[in-house]
Amino acid sequence: MNDRFDLEAATLSDVDGALERLDAADLRRFLMKAVSLRPSSVSLYSTMPAPRGLAHELVEFAARKLGGARWLLDDPDLLVDIDRWCRSTMRTLRVDFDESSALFVRARRLLLRNEAPAARACYETVLSLLAELEAATDPDGSPQSGARVEDLVTPAVFGSYLVSVYEEVRAEERVEAVLDAVARLSDLGSVLFPLRLLEELAIRPLEAFSEFAQAWARALEEHAHREEGRPQIFAWKPSEALLAEALEHIEGLEGVARMARRTRDWAHYRTFVLRLADQSQWSAGLDVVEEADASLEDASGRALLLDIGVQLATRIADDHRAVELAKRAFAADPTVPRLSRWLLFDEPEREVLVGRLDSAASMFELLTPRMRALIGAMAGSFADVAHLLDQSDEQWEHDHNAGPIAFPALLVALYGGPKGTPVASKLCAPLFGARSRHGDVIGAAFALSSSQPDELQASEPPSSDWGWNALSPGPAIVLAVREREGSTDHAADLEIVPEVLRAAAARRASLALAHRDKAMYPSVATLVVAAAEATFRAGDPQVARSYLADLAQVAGRQNAFRGALTRTLAKSALVNEL
């Protein structure tokens, strides 16, 4: 991209200058930091190969020690190269990761040289173009198959840009300028901790930073109460998230607690709880969760806080309290993942699980058909599950629909476990912890919803037990099947299952064919073949063949569906029979 400035050669020169200015004690401190198990959380160079990244970190270390790095080679053509990059990027609508990263590193070098105005111009030009490209992204988030913007524009880039803004403007303009910069960056990602980024990415102590933080907090508090005027910076109460950081910076946790209790807002309570978790104050965090649950009216917000409370209780090994919090979270805002977590927490013995299932069933007014199907399957009430599936419509994508749970659960009941035919096994897999693929409506039924909380921002990583595998209902369904195997009631329940499966699969097929939704065809074909296999297994081969023939006839000239059906049949254990 650039014949005049060689970044690698400049880096060697930069390192040589840094080594001249550091003594043995300095180098020892740098190396101890570099090899520590807990390096700086914000770095521009973390994605670079180790030798190159280490070289840049050494220059950063020297620049911070000396308050700047005027010895770095000049880079007079950076703005020209950025202009060339912009024209190339707009022409191709493709962002090259290496080229873009190199521009950010070169802009950072300007900051190291204490050339904040030039650095700001560079950052704003590149970031503005990247923000424009966000409006023209592919579904996977990559502008025309180029670099993902979220991978390119890291917190270190955000922080460096904010430092350039802070250092360029006059003291009385800083709050407004930084707020505008945060708003500019909002299209590229969340900047929830600007004060932290400013401190961590500054080359030298920022001028009048304490006074700035005080003014910043006052401005954000005013902004949080503004009904009109400046638009929201982020979709999710942005100024309040920023205000929480500002109050914590000034007053510590007491400031965050004061704001949470004054506003009675779940988001502020969440910030308070997570800050306590950052300090491993699990019990104190639990007390705040209980306080919020008792005082807040927002049910969904209380549920999110109770979700965090479950994790906190796990940290202090209080499983009894964790189960109770999980139950209350479900009652506050019922979802399938919350129900599953409560019922299956800590892999309960069958007797304990049955007690929880009875308790859940008593909450009838809270339960959707999908939730009732989950409870019924784990309880072994397969006639009830079949009834729920029979009463469901074809819109499995709706959260209340029983289909995504009832259909595979009935297959488990028929085959006595997850390993039936290859086709049936594929449908049952999400019940046993298999990850959902895009478009898999059954797997999606078990995925944590977007409203679920992030993992605790804590010093130690959250327990891996919080993955879906620890909450999979499949094993409990298998135990229920084994308890009932051999009984006349169980056999009677299963007699109606093949017919119910055929009808449910046919409804999904009719929906897909009516809308000519080719994306649905593979999953619908899997349902159809699984229903035919179940019918064959029940001793009705002619009914199974007629069922497949009728659906093929309904498909008519929709060759894409017929092809999906043929390919799925080829994978069936009964391919030669059906």
Legend entry - The one condition in (1) out of contact with any helix residue (DSSP H, G or I) (no Cβ under 9 Å at 6 or more places or on another chain); (2) at pLDDT 85 or above; (3) not in a loop (DSSP other than H, G, I, E, B) that P51 fails to fulfil: (2)
Legend entry - Unique residue being in contact (Cβ under 8 Å) with a residue 24 or more places away in the chain and buried (at least 18 other Cβ atoms within 10 Å of the Cβ) when the list is P498, P475: P498
Legend entry - Hey, A63 in a helix (DSSP H, G or I) and within 17 Å of A202 (Cβ to Cβ) or not: yes
Legend entry - Answer from E347, E397, E351 - the residue that is closer than 30 Å to A317 by Cα, acidic (D, E) and either in a loop (DSSP other than H, G, I, E, B) or in contact with an Asp or Glu (Cβ under 9 Å, 6 or more places away or on another chain) (or both): E347
Legend entry - So R508, is it touching a Phe, Trp or Tyr at 6+ places or on another chain (Cβ under 8 Å) and in a helix (DSSP H, G or I): yes
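To keep it simple, each residue is scored yes or no on (1) crowded, with 21+ Cβ neighbours inside 10 Å; (2) modelled with pLDDT of 75 or more; (3) assigned to a helix (DSSP H, G or I).
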{"position": "V182", "(1), (2), (3)": "yes, yes, yes"}
{"position": "D187", "(1), (2), (3)": "no, no, no"}
{"position": "E199", "(1), (2), (3)": "no, yes, yes"}
{"position": "W216", "(1), (2), (3)": "yes, yes, yes"}
{"position": "A224", "(1), (2), (3)": "no, no, yes"}
{"position": "P231", "(1), (2), (3)": "no, no, no"}
{"position": "L243", "(1), (2), (3)": "yes, yes, yes"}
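Looking only at the stretch 292-320, which residues are farther than 11 Å from W266 by Cα and touching a Pro at 6+ places or on another chain (Cβ under 7 Å)? First the steps, then the outcome.
Filtering the stretch 292-320 down to residues farther than 11 Å from W266 by Cα leaves 294, 307-320.
Listed by number, the residues that qualify are D307, I308, Q311.
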Legend entry - Single match in V323, V289, V336 (criterion: among the β-branched types (V, I, T), at pLDDT 95 or above and either closer than 17 Å to T271 by Cα or surrounded by 21 or more Cβ atoms within 10 Å (Cβ to Cβ) (or both)): V289
Inset, instruction - Kindly indicate whether I308 is in a helix (DSSP H, G or I), among the hydrophobic types (A, V, I, L, M, F, W, C) and surrounded by fewer than 21 Cβ atoms within 10 Å (Cβ to Cβ). - result: no
Legend entry - Answer from A534, A519, A530 - the residue that is touching a Pro at 6+ places or on another chain (Cβ under 7 Å), assigned by TED's automatic domain parsing to the domain that holds L411 and in contact (Cβ under 8 Å) with a residue 40 or more places away in the chain: A534
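Just a yes or no: is a residue in the stretch 382-392 crowded, with 21+ Cβ neighbours inside 10 Å and of a type outside the set (A, V, I, L, M, F, W, C)?
Step one: list which residues in the stretch 382-392 are crowded, with 21+ Cβ neighbours inside 10 Å, which gives 382, 385-386, 388-389, 392.
Adding the requirement that they be of a type outside the set (A, V, I, L, M, F, W, C) leaves 392.
Within the stretch 382-392, one or more residues are crowded, with 21+ Cβ neighbours inside 10 Å and of a type outside the set (A, V, I, L, M, F, W, C).
Is it the case that some residue within the stretch 541-559 is in a loop (DSSP other than H, G, I, E, B) and within 16 Å of P498 (Cα to Cα)? Full working, then the answer.
Restricting attention to the stretch 541-559, the residues satisfying the condition of being in a loop (DSSP other than H, G, I, E, B) are 556-558.
The next check asks that each one be within 16 Å of P498 (Cα to Cα); those that pass are none.
There is no residue in the stretch 541-559 that is in a loop (DSSP other than H, G, I, E, B) and within 16 Å of P498 (Cα to Cα).
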Legend entry - Residue, farthest from V157 (Cα to Cα), within the stretch 78-131, restricted to residues that are surrounded by fewer than 15 Cβ atoms within 10 Å (Cβ to Cβ) and out of contact with any helix residue (DSSP H, G or I) (no Cβ under 8 Å at 6 or more places or on another chain): R91
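The values are calculated or read from the model by the stated rules, or taken from the named source; none is laboratory data. These numbers were taken from a predicted model, which means no experiment stands behind them. Please note: Cβ atoms are built from the backbone with ideal geometry, for glycine as well, and neighbour counts cover all protein chains shown.
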